[in-house]
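Dropping the structure in here first, questions after.
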Amino acid sequence: MKLGFENVCIMGIGYVGLPTASFLSSKGFNVLGVDTQAEIVDAVNSGRAHIHEPDLQEKMAEGLSTGRLRAAGVPSKADVFIITVPTPVNEDSSPDITCVESAIRMISPFVKPGNLVIIESTSPVGTTELMADIIRAERPDLKVPGFDSSEKNEIDEGQIFISYCPERILPGNMFSELVENDRIIGGIDRPSAETAKSFYSRFVSGLLLTTDSRTAEMSKLAENTFRDVNIAFANELSLICEKLGIDIWEMISLANRHPRVNIHSPGPGVGGHCIPIDPWFIYHSAPDTSRLIRTAREINDSMPSFTFSQIRAACKDVPDPVIAILGLSYKPDIDDLRTSPALEIVKKLIEARAGKLLVVEPFIDRLPDCLEQCSDVSLINDPSEAVNAADVVAILVPHTMFLDINLNGKTAKRHRVIDATGMLRNRD
Ligand code: SAJ
């Protein structure tokens with residue numbers, strides 16, 4: 001069977017799908033990016049990136065001008081289908097994979113023998129098999145492989161290939177990581193793993209590590225959970241050091257001089273759409289044996305309240321305090337406010353009527369809807385202006401442009417500074 005990979009259909013052109021689509025088009029693939037949100041489709045087709053990522057705008061423009069990139073609301077025939085839709089959690093923190101299911105149902109009518117279907121969305125263990133079941137039910141005419149972790153590498157003539165290949169790209173550095181990161185390639189069967197490996201070998205310089213789909217699903221969850229648990233340890237240490245009157249940043253920098261110790265950075269909480277979510281996927285598969293994972297989640301989720309109380313304490317005795325909030329995104333140098341601890345802290349301050357809030361967030365040009373109607377909050381472009389007008393300065397996100405902020409200006413003596421991420425401590 002001759003396999004082609006020229007035509008790629010990417011389901012979901014959000015934070016992972018759009019950079020991937022733009023990148024693949026710049027590598028010579030013909031890419032159709034599909035999204036159910038018409039505004040996103042229109043924005044992409046008119047050359048406007050709806051997310052901020054270095055070089056994304058240029059890569060998109062190049063793809064559109066060569067005709068290799070376009071967006072649509074529905075899929076069409078392709079050689080490779082890549083699923084990059086969100087996998088959030090429900091109210092009870094159990095995984096919600098309905099977007100993956102619906103993307104698979106959308107592509108099912110277009111899948112042909114020899115096609116490769118890749119799931120990149122972070123998913124609970126067993127999702128790839130469930131998706132194969134859906135395609136099998138929708139398309140009884142196709143040969144859809146079942147889970148087989150053996151090394152048997154005989155292609156069943158006319159079969160399709162299904163693999164789980166988790167994305168691992170770090171927002172802010174996506175285009176390097178798309179090429180350089182090693183990739184885990186988990187086939188539902190061996191021919192699927194080998195076919196996906198052959199596809200990724202066209203543009204990845206990192207290692208292509210093949211395994212079965214279940215191991216690949218778990219590896220992805222373990223990577224992000226590793227980070228969550230490590231950050232929780234750092235956060236717990238910061239709570240302990242606060243009680244004991246020890247400077248957490250000095251303590252960590254000393255401990256990290258040990259050749260086998262690498263304590264992560266404490267902060268105002270863990271945000272984004274991955275690290276605070278993925279550990280729950282493991283927990284819900286095995287709740288009785290995921291005690292450490294659950295505790296880590298609880299510690300990290302408690303951090304915005306801790307930072308909020310530090311800001312409140314700093315405002316004590318200040319009549320009508322003005323509070324400069326430096327940073328609103330979930331981490332430095334990106335525009336993504338999803339699950340942002342800083343945003344949660346701001347909402348708590350508003351609820352507590354803590355004072356007038358001067359928010360500086362260089363990556364957005366208007367406040368999110370949840371803050372826009374609030375008369376106590378304004379978005380200020382110039383960090384120095386906010387700092388100079390404030391009684392209390394809360395540094396919640398260490399954006400690079402904040403590194404030069406002068407907190408020793410004429411009003412410095414009045415400032416009380418909450419340096420939640422150790423930015424000042426680490427820059428000095
Ligand atoms: N954070 C800390 N302390 C630290 C490191 C991070 O508090 O020492 C906070 C950040 O401020 C942020 C949150 O954790 O609020 C998450 O940031 P992050 O940089 O750890 O991760 P993400 O969510 O931007 O991207 C992660 C990455 N995974 C790992 O590093 C294991 C990325 O490679 C994945 O592709 C991505 O999740 C994903 O999509 O799964």
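The values are calculated or read from the model by the stated rules, or taken from the named source; none is laboratory data. Keep in mind that this is a model prediction, so the values were computed, not measured. Cβ sites come from the backbone with ideal geometry, for glycine too, and all protein chains shown count toward neighbours. For accessibility, only protein heavy atoms count, side chains too; no ligands or nucleic acids. Shrake-Rupley method; radii C 1.70, N 1.55, O 1.52, S 1.80 Å.
Does residue 150 meet the test of being modelled with pLDDT of 95 or more and either more than 11 Å from the ligand (Cβ to nearest atom) or not assigned by TED's automatic domain parsing to the domain that holds residue 19 (or both)? Quick ask: steps written out before the conclusion?
Numbers: modelled with pLDDT of 95 or more: no; either more than 11 Å from the ligand (Cβ to nearest atom) or not assigned by TED's automatic domain parsing to the domain that holds residue 19 (or both): yes.
For residue 150, the condition - modelled with pLDDT of 95 or more and either more than 11 Å from the ligand (Cβ to nearest atom) or not assigned by TED's automatic domain parsing to the domain that holds residue 19 (or both) - is not met.
Consider residue 138 carefully, then state whether it is within 16 Å of the ligand (Cβ to nearest atom), modelled with pLDDT of 95 or more, open to solvent by 40 Å² or more (accessible area, probe 1.4 Å) and touching a Ser or Thr at 6+ places or on another chain (Cβ under 8 Å).
Values: within 16 Å of the ligand (Cβ to nearest atom): no; modelled with pLDDT of 95 or more: yes; open to solvent by 40 Å² or more (accessible area, probe 1.4 Å): yes; touching a Ser or Thr at 6+ places or on another chain (Cβ under 8 Å): yes.
No; evaluated as a whole, the condition is false for this residue.
Any residue in the stretch 109-125 that is surrounded by 17 or more Cβ atoms within 10 Å (Cβ to Cβ) sitting within a Cβ distance under 7 Å of a residue that is of a type in the set (Lys, Arg) and in a loop (DSSP other than H, G, I, E, B)? List the pairs, counting only those 6 or more apart or interchain.
Between residues of the stretch 109-125 that are surrounded by 17 or more Cβ atoms within 10 Å (Cβ to Cβ) and residues that are of a type in the set (Lys, Arg) and in a loop (DSSP other than H, G, I, E, B), the close pairs are 111/139.
Can you go through 19, 54 and tell me which one is within 16 Å of the ligand (Cβ to nearest atom) and assigned to a loop (DSSP other than H, G, I, E, B)? Walk me through it before giving the result.
Numbers: 19 fails: assigned to a loop (DSSP other than H, G, I, E, B).
That would be 54, the only listed residue that is within 16 Å of the ligand (Cβ to nearest atom) and assigned to a loop (DSSP other than H, G, I, E, B).
Same structure again: Of these, 312, 366, 291, which one is over 25 Å from residue 241 (Cβ atoms), among the basic types (Lys, Arg) and open to solvent by 30 Å² or more (accessible area, probe 1.4 Å)? Outline the logic, then answer.
Details: 312 fails: over 25 Å from residue 241 (Cβ atoms); 291 fails: over 25 Å from residue 241 (Cβ atoms).
Going through 312, 366, 291 in turn, just one is over 25 Å from residue 241 (Cβ atoms), among the basic types (Lys, Arg) and open to solvent by 30 Å² or more (accessible area, probe 1.4 Å): 366.
So the check is Cβ under 6 Å with 6+ separation or different chains; which pairs have a first residue in the stretch 315-334 that's more than 14 Å from residue 401 (Cβ to Cβ) and a second one that's within 12 Å of the ligand (Cβ to nearest atom) and open to solvent by less than 30 Å² (accessible area, probe 1.4 Å)?
Here the result reads 330/271; 330/272; 330/336; 330/340, each pair linking the stretch 315-334 to a residue that is within 12 Å of the ligand (Cβ to nearest atom) and open to solvent by less than 30 Å² (accessible area, probe 1.4 Å).
Considering (1) surrounded by 16 or more Cβ atoms within 10 Å (Cβ to Cβ); (2) outside any strand (DSSP E or B); (3) among the aliphatic types (A, V, I, L, M), say which one residue 401 fails and leave the rest.
Only one criterion in (1) surrounded by 16 or more Cβ atoms within 10 Å (Cβ to Cβ); (2) outside any strand (DSSP E or B); (3) among the aliphatic types (A, V, I, L, M) is unmet by residue 401, namely (1).
On the basis of being in a loop (DSSP other than H, G, I, E, B) and at pLDDT below 95, does residue 384 make the cut?
Values: in a loop (DSSP other than H, G, I, E, B): no; at pLDDT below 95: yes.
In short, no.
Of the residues that make up the stretch 215-224, is at least one in contact with a Ser or Thr (Cβ under 9 Å, 6 or more places away or on another chain), of a type in the set (Lys, Arg) and away from the ligand (no atom under 15 Å from the Cβ)?
Checking the stretch 215-224: not a single residue is in contact with a Ser or Thr (Cβ under 9 Å, 6 or more places away or on another chain), of a type in the set (Lys, Arg) and away from the ligand (no atom under 15 Å from the Cβ).
Of these, 117, 44, 100, 125, which one is at pLDDT 95 or above, in a loop (DSSP other than H, G, I, E, B) and on the phi < 0 side of the Ramachandran plot? Before you say what the answer is, go through the steps one by one.
Numbers: 117 fails: in a loop (DSSP other than H, G, I, E, B); 44 fails: in a loop (DSSP other than H, G, I, E, B); 100 fails: in a loop (DSSP other than H, G, I, E, B).
Exactly one of 117, 44, 100, 125 is at pLDDT 95 or above, in a loop (DSSP other than H, G, I, E, B) and on the phi < 0 side of the Ramachandran plot, namely 125.
Report every pair of residues separated by at least 6 positions or lying on different chains whose Cβ atoms are under 7 Å apart, first residue within the stretch 274-292 and hydrophobic (A, V, I, L, M, F, W, C) and within 16 Å of the ligand (Cβ to nearest atom), second in a helix (DSSP H, G or I) and open to solvent by 40 Å² or more (accessible area, probe 1.4 Å).
Every condition considered, the pairs that remain are 275/227.
Looking at 232, 222, can you tell me which residue is at pLDDT 95 or above, crowded, with 18+ Cβ neighbours inside 10 Å, among the small types (Gly, Ala, Ser) and not assigned by TED's automatic domain parsing to the domain that holds residue 290? Explain how you work it out, then say what you get.
Values: 222 fails: crowded, with 18+ Cβ neighbours inside 10 Å.
Only one candidate qualifies: 232.
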